[in-house]
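Comments concern the structure below.
The values are calculated or read from the model by the stated rules, or taken from the named source; none is laboratory data. Just so it is clear, the model here is predicted, and its values are computed rather than measured. In this analysis, Cβ positions are derived from the backbone assuming ideal geometry, glycine residues included, and neighbour counts consider all displayed protein chains. Quick note on the areas: whole protein, heavy atoms, side chains included, nothing else; ligands and nucleic acids left out. Shrake-Rupley method; radii C 1.70, N 1.55, O 1.52, S 1.80 Å.
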Amino acid sequence: LKDLHSVDRLGKLQRNLRKQVLMLVQGCDYYSAHSLYHEQCASWWPKREYEANVSRAKESQVRRAKKEEARQLAAARDNLLSQVMALLDEANYDVADRLYKEHCTEWWPLADYQIAVSQAKEKKAKKAAEEEARQLAAARDNLRSQVMTLINEANYDEANLLYKDHCAEWWSLANYQIAVTRAKEEEAERDAEEEARKLAAARDNLRSQV
């Protein structure tokens, strides 16, 4: 029974030592692992088995290092790509070209970069055209508003002059004349209503005197 107890204690000690060595190996502390192995484990732990564990740990370390290197490389390239695209969006083409040539040609095909440049220029041109159209529409709305104000004030000569000088190219004559006619009709209606009101007031005044 005493011998069995001693064997059990020895087995437990060896398992703990083995665990410590493997933890050092997995932590890539090979020097400490080798020292502990040779000092306390070499007599009962086959060297081939120990070295196999070390080899697997080193291979795993290499894989992790390569994976991390690839991750960092991908992150760096993504950052460069973002910088170049931002420069293209800002129409800073010279700086974008220089950054591309210095840091991106190995992994970003020239044809793809040129497509990105073309798309950025098309986007800029489209944005500029939209802004120009917006400003033109705003200017025309302002001119139309000025003409209509003159028409509504019955200032037809000034309205005609402003229309011919600045609006005839984009405001059809037919539509302009419709606006003038409508304004004159409304003016005539107001005049008629005012005349009727005055006449009614005069009659009421006469009736009150009688």
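Worth a mention:
- Normalised per residue, the volume of the convex hull around the Cα set of the stretch 137-183 (Å³): 60
- Per-residue [θ]222 nm for the chain (sum of -39500 (n - 2.57) over DSSP H runs n ≥ 4, rounded to 500): -30000 deg cm²/dmol
- Set of aspartates and glutamates near residue 127 by C-alpha distance (under 13 Å), chain-local residues within fewer than 8 positions excluded: 89, 90
- Annotation: per residue accessible area for the chain equals 76 Å², rounded to a whole number [probe 1.4 Å, protein chains only].
- For residue 34, solvent-accessible area (1.4 Å; no DNA, RNA or ligand), Å²: 70
- Under 13 Å, Cβ to Cβ, from residue 132 - net charge with Lys/Arg +1 and Asp/Glu -1: +3
- Spherically averaged projected area of the stretch 162-210 from its Cα convex hull (nm²): 3.9
- Comparing 143, 201, 95 along the charge dipole axis of the stretch 63-210, the residue lying farthest to the positive side is 95, per the Cβ-charge model.
- Distance from the C-alpha centroid of the stretch 73-110 to that of the stretch 168-188: 57 Å, rounded to the whole angstrom.
- Kirkwood hydrodynamic radius over Cα pairs of the stretch 17-118, then Stokes diffusion coefficient at 20 °C and 1.002 mPa s, in µm²/s: 124
- Surface composition of the chain: carbon plus sulfur atoms hold 52% of the accessible area, using a 1.4 angstrom probe and ignoring ligands, DNA and RNA.
- Of the GluC sites (Glu not before Pro) in the stretch 167-199, those whose Cβ has at most 16 other Cβ within 10 Å and which sit in DSSP loop: 169
- Potential lengthening of the chain between residue 72 and residue 158 amounts to 23.8 nm, from the contour at 0.36 nm per residue minus the alpha-carbon distance.
- Sparse-neighbourhood loop sites, chymotrypsin sites (Phe, Trp or Tyr not before Pro) in the stretch 159-189 - DSSP loop, at most 15 other Cβ within 10 angstrom: 170
- Relative to the Cα centre, the charge distribution of the chain, modelled as +1 at Lys and Arg Cβ and -1 at Asp and Glu Cβ, gives a dipole magnitude of about 2380 debye.
- Extent along principal axes [Cα atoms of the stretch 94-210; Å; largest to smallest]: 107, 29, 18
- Förster radius 30 Å - calculated FRET efficiency between residue 135 and residue 190, Cβ distance, rounded to 0.05: 0.25
- With all protein chains modelled, accessible area of residue 181 [1.4 Å, Å²]: 70
- Relative counts (whole %) of C-alpha pair distances in the chain, using bins that are 10 Å wide: 7, 15, 10, 9, 10, 10, 8, 7, 6, 6, 6, 4, 3, 1, 0
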